[in-house]
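Participant: This is the structure, below, for whatever I ask next.
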């Protein structure tokens, strides 16, 4: 289980953020409200929930 991700915010859309953690980019699904609190290039930390399905693995991210 991945419960926390911290690193540099490299990409941002209304529903997705990419966080660079030691050279590995994690794609995280976020809410539009969360995206308004983020700045590209900033150091960020997210609590996460990993949802595993038959055809996908999705990380949902939350600021608190």
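Read-outs: derived from the displayed coordinates by stated rules, not from any lab. Remember, predicted model here, so these are calculated numbers, not experimental data. Glycine also receives a Cβ, built like all others from the backbone with ideal geometry; neighbour counts cover every protein chain displayed.
Participant: Label residue 52 and residue 2 with points 7 Å out from Cα along Cα→Cβ: what is the distance between them in nm?
Facilitator: If labels sit at residue 52 and residue 2, their model points lie 1.3 nm apart.
Participant: To continue, here is another question. Computed FRET efficiency, Cβ-Cβ of residue 13 and residue 62, R0 22 Å: what is it to the nearest 0.05?
Facilitator: 0.85
Participant: Just need the Rg to Rh number for the chain, please, alpha carbons only, Kirkwood Rh. Present the calculation step by step, with values, prior to reporting the outcome.
Facilitator: On the way: Rg = 11.0 Å, Rh = 11.7 Å.
Checking Rg against Rh, the ratio lands at 0.94.
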